[in-house]
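S.K.: Before anything else, here's the structure in question.
The values are calculated or read from the model by the stated rules, or taken from the named source; none is laboratory data. Since this is a predicted model, take the numbers as computed values, not measurements. Cβ placement follows ideal geometry from the backbone for every residue including glycine, while neighbour counts extend to all protein chains displayed.
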């Protein structure tokens, strides 16, 4: 089995973190149905898988980086079926 490599990127327009594995990306999509008055209409986003071609032209603005909080990295790693990174104690 081939080892997966994950890249993280930040969308400068929204501040949301994307990830890429091979020719697919995990894109945060706002879940409007989950917003409600009980939590002050806080925005919630779910990761959605799509091909890098389907993500054009939005993916062109994403700034790829390693500087992403470990909690967000682990959320993306779980989405892609990877083991979480260990949090430093």
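S.K.: Residues in the stretch 53-89 that are buried (at least 16 other Cβ atoms within 10 Å of the Cβ), in a helix (DSSP H, G or I) and touching a strand residue (DSSP E or B) at 6+ places or on another chain (Cβ under 7 Å): how many?
M.R.: 5
S.K.: Of all residues in the stretch 1-45, how many are at pLDDT below 90 and within 13 Å of residue 72 (Cα to Cα)?
M.R.: Going through the stretch 1-45 one residue at a time, the tally reaches 1.
S.K.: Could you tell me whether residue 49 is in contact (Cβ under 8 Å) with a residue 60 or more places away in the chain and surrounded by 12 or more Cβ atoms within 10 Å (Cβ to Cβ)?
M.R.: It is false that residue 49 is in contact (Cβ under 8 Å) with a residue 60 or more places away in the chain and surrounded by 12 or more Cβ atoms within 10 Å (Cβ to Cβ).
S.K.: Which of the residues belonging to the stretch 33-86 are in contact with a helix residue (DSSP H, G or I) (Cβ under 6 Å, 6 or more places away or on another chain) and over 17 Å from residue 5 (Cβ atoms)?
M.R.: The answer is 44, 47.
S.K.: Residues being in contact (Cβ under 8 Å) with a residue 40 or more places away in the chain, crowded, with 18+ Cβ neighbours inside 10 Å and within 10 Å of residue 58 (Cβ to Cβ): count how many of those fall in the stretch 12-30.
M.R.: Residues flagged as in contact (Cβ under 8 Å) with a residue 40 or more places away in the chain, crowded, with 18+ Cβ neighbours inside 10 Å and within 10 Å of residue 58 (Cβ to Cβ) within the stretch 12-30 amount to 1.
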